[in-house]
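Chemist: Here you go, one structure.
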Protein chains: 2
Amino acid sequence: MPEDDNFALIDVPSAPLGAGQVRVANRWLSVDPYMRGRMNDVKSYVPPFALGEPMQGGAIGEVVESNSPDLPVGAKVQHMLGWREEAVLDAAEAQQLPPLGVEDQAYLGQLGMPGMTAYFGLLEVASAKPGDVVFVSAAAGAVGSTVVQIAKAKGMTVIGAAGGADKCAWVKELGADHVVDYKAGPVARGLMQAAPEGIDVYFDNVGGDHLDAALLAARLHARFAICGMIDIYNDAKPQELRYLAKVIGARINIRGFIVSDFFAQMGDFYRDMGGWLKEGKLKRHETVHEGIAAMPEAFRGLFTGGNMGKMLVRL
Amino acid sequence: MPEDDNFALIDVPSAPLGAGQVRVANRWLSVDPYMRGRMNDVKSYVPPFALGEPMQGGAIGEVVESNSPDLPVGAKVQHMLGWREEAVLDAAEAQQLPPLGVEDQAYLGQLGMPGMTAYFGLLEVASAKPGDVVFVSAAAGAVGSTVVQIAKAKGMTVIGAAGGADKCAWVKELGADHVVDYKAGPVARGLMQAAPEGIDVYFDNVGGDHLDAALLAARLHARFAICGMIDIYNDAKPQELRYLAKVIGARINIRGFIVSDFFAQMGDFYRDMGGWLKEGKLKRHETVHEGIAAMPEAFRGLFTGGNMGKMLVRL
């Protein structure tokens, strides 16, 4: 678990603005579970963070100085330079926010990476279809809460797992047919009660006992989309699975994925999500911390169940 | 682990022969790891064995009395009535051995269920292609030894895991490019030495530390065919996986399967395997026990590393 003294808040002079560059005053910073993986010095799908450098990640801000006709002063943009108050970058590395009529910070959540992760993980990786029984872990999180709502919008039966009465009530409010409170008892027992006939799809944000419960409950030809294993990002312990052999009998198909695999299909995402937003089918919740000094605390909250919906820091 | 006193050898009168039935004198009986699963009283892809009834399973025999023109006396047949010296059954439940010019007992091995499991698991479930680096566990077993040879016949690089110097030498003889002796050290270390660039395909007969090693070594978009988890058939302990999160970063696709899912494609199997047999590309090894009283001992040998190639009992 990252502690405060693993981070340092450092003042540096503003960088000069080169040709084709813009200066962005950040308004919203994203903290996401995948960032924990980049803190380990191992080969992975993205290189590890460098010691002494700012952590990268999603950010929303406003252009305050511009050497690019594409992004004039005042433009709202998204970029990946992460944990800092001000960013200087090539205009081509920033995307102007599309005009979908939602609050800016939604582009770090439902209309950003977490939303895309939910959308492509559920519909492409797990091939979830109307009528399927879908189980999703961390259902009160940024990704999970969007999975619940997309699944309901598509006519699926949804069981969401979350920790504690408040989160469970919110997951119900999002439209989940059943909720499993993992703090109230074993996940496997809760899931078997909620879905006595079993599940067709599991959207995994957690790993561990949630994955094991999904194995136990899996119906024939169940599909598992493995999006994250928040349980083990901070933990060198092996995962214990009691029901792994179920993969054989139920012919389960387990697929890991990274949202960037689907960037070429972004058009589908904006079309569907934009439509559902306009129809009022998508609810959104944010847990907001204030000021850049709150970044470490907000980040840790992702692993200790401290957030409902998207975890953000406002500058 | 099934002990001798879990079995009973019982004399019963020969059944009378009904219309359309044949009496088969069994010559070869098969023991297979999946039978252990049917000894548990749980819902699975096949119903559990009934207490006090003979265990079912593959058998090869000769028709000694016939009420069916389709299967005259002297016909060599295969059936699934299993652990008994004599079987009385409808002619439609027995298949005459196809004339491929091999020894009868091959139809319980490379030309039977283990061979089909190897063929469809490697080529269909794992979509293994020429040039792929393939890792197979229990590579000296009936299924694994056939996987090694099919993979080599198709132009793949093959790493086989087996226990002990004799088995490893035999796996090498089958054409494996590298062999990992799991009794000589951790599988993960052996596999990383044999395949420093990683693997594209894993054919799992074992689960446990072999599966974990494959996760560690998996390249981007690796495919895992999960055929068996011999490590846990007799064991209620959970499986411990240290590298499961690799599923995400490497976008691994893990699929469980049962060979009967592919019976409709049996024609492909006989065409390819028949061809390789004629070209001398397939080696075969059998571990043979004698007499029906040896069945429990032969069966236990599957779980204690007692067999090389197909485990059989000759009557």
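Throughout, read-outs are computed from the coordinates displayed, never taken from laboratory work. Fair warning: this is a prediction, and the values are worked out from it, not measured in the lab. Glycine also receives a Cβ, built like all others from the backbone with ideal geometry; neighbour counts cover every protein chain displayed.
Chemist: Which of the GluC sites (Glu not before Pro) across the range B:219-315 are loop residues per DSSP, with 11 or fewer other Cβ within 10 Å? Walk me through the numbers on the way to the answer.
Modeler: On the way: sites: B:240, B:279, B:286, B:290, B:297; in loops: B:279.
Qualifying residues, ordered by number: B:279.
Chemist: To two decimal places, what compactness ratio does chain A give when its Cα radius of gyration is scaled by 2.2 N^0.38 Å?
Modeler: Here the Cα radius of gyration is 1.02 times the empirical estimate.
Chemist: For chain A, what's the relative contact order in percent, using C-alpha pairs closer than 8 Å and at least 6 residues apart?
Modeler: Values: 636 pairs, mean separation 54.5, N = 315.
This gives 17 percent for chain A.
Chemist: The protein assembly as shown: Rg/Rh from Cα coordinates, Kirkwood Rh? It would help to have the intermediate numbers written out before the result.
Modeler: Values: Rg = 28.9 Å, Rh = 27.2 Å.
Here the Rg-to-Rh quotient is 1.06.
Chemist: Just give me a number: lysine pairs in the range B:113-260, eight or more positions apart or cross-chain, with C-alpha atoms less than 17 Å apart.
Modeler: Details: B:129/B:152; B:129/B:154; B:152/B:172; B:154/B:172; B:167/B:183; B:172/B:183.
So the count of such lysine pairs works out to 6.
Chemist: Roughly how tilted is helix B:142-153, in degrees to the nearest 10 and between 0 and 90, from the longest Cα axis of chain B?
Modeler: Compared with the principal axis, the helix lies near 60 degrees.
Chemist: What is the ratio of the Cα radius of gyration of the range B:113-260 to 2.2 N^0.38 Å, with N the residue count, to two decimals? It would help to have the intermediate numbers written out before the result.
Modeler: Working: Rg = 13.6 Å, N = 148, 2.2 N^0.38 = 14.7 Å.
Cα-based Rg divided by the globular estimate yields 0.92.
Chemist: Taking H placed 1.01 Å from N in the peptide plane, check which residues at least 5 places from residue A:39 or on another chain put their amide H under 5 Å from its amide H.
Modeler: A:49
Chemist: Can you list residues from other chains, or at least 5 along the same chain, whose modelled amide H is less than 5 Å from the amide H of residue A:89?
Modeler: A:22, A:24
Chemist: How big is the dipole moment of the range B:113-260 about its Cα centre under a simple scheme where the beta carbon of each Lys and Arg is +1, that of each Asp and Glu is -1, and everything else is neutral? Debye, nearest 20, please. Spell out each step's value before the answer.
Modeler: Values: 14 positive and 14 negative charges, 59 e Å.
So the dipole magnitude of the range B:113-260 works out to roughly 280 debye.
Chemist: Now for a different question. Please report how far the C-alpha centroid of the range A:93-136 lies from that of the range B:151-195, rounded to the nearest whole angstrom.
Modeler: Centre-to-centre (Cα) distance: 44 Å.
Chemist: To test your reading of the geometry: what angle, between 0 and 90 degrees and rounded to tens, separates the Cα axis of helix B:266-278 from the longest principal axis of chain B?
Modeler: It works out to around 80 degrees.
Chemist: Now for a separate question. Given the -39500 (n - 2.57) contribution per DSSP H run of 4+ residues, what per-residue ellipticity at 222 nm results for chain B, rounded to the nearest 500 deg cm²/dmol? Don't skip to the answer; put the middle values down first.
Modeler: Values: 9 runs with 76 residues, N = 315.
Helices in chain B give a 222 nm mean residue ellipticity of -6500 deg cm²/dmol.
Chemist: Among B:131, B:52, A:10, flag the residue with its Cα farthest along the positive direction of the charge dipole of the protein assembly as shown, charges on Cβ as +1 for Lys/Arg and -1 for Asp/Glu.
Modeler: Farthest along the dipole direction, towards plus: B:131.
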